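The values are calculated or read from the model by the stated rules, or taken from the named source; none is laboratory data. Bear in mind that the values here come from a model prediction, so they are computed numbers and not experimental data. Positions of Cβ are generated from backbone atoms using ideal geometry, with glycine treated the same way; all protein chains shown enter the neighbour counts. Note: accessible area is taken over every heavy atom of the protein model, side chains too, but ligands, DNA and RNA are not part of it. Shrake-Rupley method; radii C 1.70, N 1.55, O 1.52, S 1.80 Å.
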Amino acid sequence: MSMSQDIRPSIFSTALFGVAGIINFAPLIGIVSPTRLSKLYGLPLEQADSNLLLLLRHRAALFGIVGGIILYAAFHVPSRSLATVAGFSSMLSFMALAISTKSLNRHLTRVLWVDVIGCLSLATAQIV
């Protein structure tokens, strides 16, 4: 096998990185408006404090960055280790915080389970 074939990603691992990337990239839509953030998290944010909205919009921007890195790594194998660390750090930290929270609304419970899928996608992509 030539060197280029050794680092060529499989279609399956590329798809798994794509799934994790889309999961992380999707919340970027929240940067647009409080209404989008409300729909994402199931919280009444239309009349929320501007500082809280700034923090949530910044959170959406960070998700866009992490998702972009993971999507880039789907097609650029040398970036996969960094993308995996970024994705796991983001999703596992939310999962730990969510699990330690006494009650989550249904929207945040959905986010928790979507992050589980994202972590499983990244983990599986590392072994295929």
Original post:
Taking the Cβ-Cβ separation of Ala15 and Arg110 as r and a Förster radius of 22 Å, what is the calculated FRET efficiency to the nearest 0.05?
Top reply: 0.50
Subject >> Loop sites in region 45-128: trypsin sites (Lys or Arg not before Pro), DSSP, at most 12 other Cβ within 10 Å >> reply: Lys102
Original post:
Can you give the helix-only mean residue ellipticity at 222 nm for the chain, where every DSSP H stretch with n ≥ 4 adds -39500 (n - 2.57) and the sum goes over all residues, rounded to the nearest 500 deg cm²/dmol?
Top reply: -24500 deg cm²/dmol
Original post:
Taking the simple approach of a point 7 Å from Cα along Cα-to-Cβ for both Ile99 and Ser50, what is their distance in nm?
Top reply: 4.0
Subject >> Whole-number accessible area per residue in Å² for the chain, which is evaluated in the context of all protein chains at 1.4 Å >> reply: 61
Original post:
So what is Rg over Rh here for the chain, counting just Cα atoms and using Kirkwood for Rh?
Top reply: 1.05
Original post:
Tell me, what % of the accessible area of the chain is carbon and sulfur with a 1.4 angstrom probe?
Top reply: 71
